[in-house]
Structure formats: C-alpha cells, structure tokens
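Just below is one structure, and these are the notes that go with it.
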Amino acid sequence: MSECSHNCETCASKDSCANNYDKVNEKMSRIKNKIFVLSGKGGVGKSTVAALIAVSLAKEGFNVGLLDVDFHGPNQPTLFKVQNVRLGATEDNELEPLEIAGIKLVSIGLLLEDADQAVIWRGPAKMGVLKQLLEETAWGDLDYLICDFPPGTGDEILSGCQLIEGDKRAVIVTTPQELSLADCRKCIDFCKKAELPVAGVVENMSYFVCDNCDKKHYIFNNGGGRQMAEKYGLKLIATLPIDNKFLAQCDESNIAVALKNSPLFQKELESVTEL
Ligand code: ADP
C-alpha cells in the first residue's frame, strides 16, 4: 500500500480515502444544528428521547433528520415500527432516508439483510460506516440532525466528534438513579474533553403516577437529573415520567403516535426548539 502523501488535492485515491472528510464537511455544512443524544448507561431511554426530540422538532415545522448510530442495538426502526422497511437509493445513487412522522430516518437496522442480525464490527469499521452514513445519505438541507449514539463514551461518539466538524451540541439523558448519574458525569467529562458543548439534560423515568392515586411515586430516586444539571450549570430540558400508557402506544402503533396522544410529554418537550 502506498503511503499517504497528505496532499489530498493531487492524490489519485482522494475519493475513496478514509482520511478525506471533504464530502462529510460538504454534507454537514447543509445542516444547521447537529445534536448528539448521549447517555452514560443503556436502558435509560436515550433512543426514546432522541426520537421524541426529532418528532417534536418536526411537529414545529423544522426539517429534521434522525441518525441511529447505535450500530449494535439500533432501536429507532422499532420505535417507529418500520423494522421491515429497507432503505433504497436516490437517482444520484445516494442512500435515501426513510420519511416517517415528518423526519428523515437512517439506521443500520434499515440496511441489514435480517433485522435480527448482529453487527460485529471493531472501532475502525464503525468509523467507516458512520462516515458513509454521513456523506452518502441524501440528507439535503436540514435544520436539525439528531444523532442517537450508543451509551457510554466509546468509538462511535469519538468518531462522531471527529467526523462532524464545527458546531454541534450534546443532550444527556439520565434517570434520577445514582447508577445512571455516575455514568452521565463521565459523559459530561467526555464532552468537556472533546470540546462538545452540552445543550442540556433530560431526566427520564423521573416518577410514576399509578391509576389508583394522583401521587407521584419516585421509583428511581427524586430529582437526581435536576441536581446533576444544577451542579454542572446545565439546562434541565425535560422531566419525563415513566408512563405505561405511552409505552403501550409505542408498542401498539409508534412513538410519534404515542407523543401525539400525550399532552404531558408534549409540554415537557416544548423547550427542544431552543436546542
Ligand atoms: P436506551 O436507548 O437508553 O437503551 P430506550 O430508549 O431503548 O433506552 O428505552 C428502554 C426501554 O424503556 C424501552 O422499552 C422504552 O420503551 C422504555 N421507556 C423509555 N422511556 C420511557 C418512559 N418515559 N416511560 C415508559 N417507558 C419508557
């Protein structure tokens, strides 16, 4: 293999080179706001919140893309109930996002031959796929690209920071429980070190209101997300309850329908337009 000359302008391998970010930069320059949805821990509702932010913004008339970067557990197709759809190509041979609930959705789950297939990739392969999804998708002009990253501070988020140059912000999703908060503090530290500004915190599964009384039950502790936001001087974007009716609607129809039927979730997510 010939050694990299680092002279991209004259290099014959320019178009296929993994180090050439020209196309990514060109694509990303057409997207005003890039929002990275992160969580320290899995299972706290990060994918759910990423989808809710995307749908809420689209409802307000913004052009929104949602990129599912959780390669090993792509949940966005399931949340939108499109697991059996496969993405096609545009006339220009670019990847055509799925238009659903007013957003442009791209997920590795919509590209695999079999939805139950495991993705077994090491870091460099994941970086290559993320680069392809950014530069070879017909995103067009967007107001927001919401990126749903896997939990933690591993390869994908590091690659995202490297590939998407310039202005971008993170939203941290946590439950009020110390087990989640401890990992989210690491996420915040990562953002500081990667110079990724944090737009705010969403506290999910904050409380539960049962059918028999109007009392809020603080199952996973009370106010942990708010306290973490205060400690780091971050905005608390929303406080979402554990809502079994919302969950049932997600399972029965899809997350956009569930949001449409939940005035409380809509109200809590009102401030996403300020992201
Ligand atoms: P993560 O992306 O952090 O792994 P998910 O978004 O996949 O988490 O959510 C984990 C599970 O919790 C899913 O079954 C999801 O439907 C459910 N869930 C998330 N948020 C809520 C909520 N506010 N109320 C009820 N169920 C929720």
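Considering the range 163-181 alone, what residues qualify as being in contact with a helix residue (DSSP H, G or I) (Cβ under 8 Å, 6 or more places away or on another chain) and of a type in the set (A, V, I, L, M, F, W, C)?
If the condition is that a residue be in contact with a helix residue (DSSP H, G or I) (Cβ under 8 Å, 6 or more places away or on another chain) and of a type in the set (A, V, I, L, M, F, W, C), then LEU163, ILE164, ALA170, VAL171, ILE172, VAL173, LEU181 are the ones that fit.
Just one of GLY166, GLY224 is more than 14 Å from the ligand (Cβ to nearest atom) and surrounded by fewer than 16 Cβ atoms within 10 Å (Cβ to Cβ); which is it?
Values: GLY224 fails: surrounded by fewer than 16 Cβ atoms within 10 Å (Cβ to Cβ).
Unique residue meeting the criteria: GLY166.
Under 9 Å between Cβ atoms, which residue pairs at least 6 apart in sequence (or on different chains) link something in the range 83-105 that is free of Cβ contacts under 8 Å to residues at least 12 places away in the same chain with a partner that is open to solvent by 40 Å² or more (accessible area, probe 1.4 Å) and of a type in the set (Asp, Glu)?
GLY88/GLU96; ALA89/GLU96; ASN93/GLU136
Give me the pairs: first residue in the range 169-187 and within 18 Å of ASN221 (Cα to Cα) and open to solvent by 40 Å² or more (accessible area, probe 1.4 Å), second residue aliphatic (A, V, I, L, M) and assigned to a helix (DSSP H, G or I), beta-carbon distance under 8 Å, and six or more apart or on different chains, which are they?
Close Cβ pairs (under 8 Å, with a partner that is aliphatic (A, V, I, L, M) and assigned to a helix (DSSP H, G or I)) amount to ARG185/MET228.
With within 20 Å of ILE53 (Cα to Cα), without any contact (Cβ under 8 Å) to a residue 12 or more places away in the chain and either assigned to a strand (DSSP E or B) or open to solvent by 40 Å² or more (accessible area, probe 1.4 Å) (or both) as the only criterion, which of ASP214, ASP251 stands out?
ASP251
Of the residues LEU98, LEU110, LEU38, LEU67, which is within 16 Å of the ligand (Cβ to nearest atom), buried (at least 18 other Cβ atoms within 10 Å of the Cβ) and more than 22 Å from ILE242 (Cα to Cα)? Break it down into steps so the answer makes sense when it comes.
On the way: LEU98 fails: within 16 Å of the ligand (Cβ to nearest atom); LEU110 fails: within 16 Å of the ligand (Cβ to nearest atom); LEU38 fails: more than 22 Å from ILE242 (Cα to Cα).
Just a single option satisfies the conditions, and that option is LEU67.
Cβ-Cβ distance below 9 Å, separation of 6 or more or different chains: which pairs start in the range 139-155 with a residue that is under 15 Å from THR174 (Cβ atoms) and in contact (Cβ under 8 Å) with a residue 60 or more places away in the chain and end on one that is buried (at least 20 other Cβ atoms within 10 Å of the Cβ) and among the polar types (S, T, N, Q)?
PHE149/SER39; PRO151/SER39; GLY152/SER39
Specify the residue that is farthest from the ligand (Cβ to nearest atom); the eligible residues are those in the range 41-64 that are in a helix (DSSP H, G or I), in contact with a strand residue (DSSP E or B) (Cβ under 6 Å, 6 or more places away or on another chain) and open to solvent by 10 Å² or more (accessible area, probe 1.4 Å).
Here is the first cut: in the range 41-64, the residues in a helix (DSSP H, G or I) are 46-59.
Applying the additional criterion that residues be in contact with a strand residue (DSSP E or B) (Cβ under 6 Å, 6 or more places away or on another chain) yields 46-47, 49-50, 53-54, 57-58.
Next, from what is left, pick out any that are open to solvent by 10 Å² or more (accessible area, probe 1.4 Å): 46-47, 58.
Values: LYS46: 3, SER47: 3, ALA58: 18 Å.
Residue satisfying both the conditions and the ranking: ALA58.
The values are calculated or read from the model by the stated rules, or taken from the named source; none is laboratory data. Computed from a predicted model, the values in this text were never measured in an experiment. Please note: Cβ atoms are built from the backbone with ideal geometry, for glycine as well, and neighbour counts cover all protein chains shown. Side chains included, ligands, DNA and RNA excluded: accessible areas come from the protein's heavy atoms. Shrake-Rupley method; radii C 1.70, N 1.55, O 1.52, S 1.80 Å.
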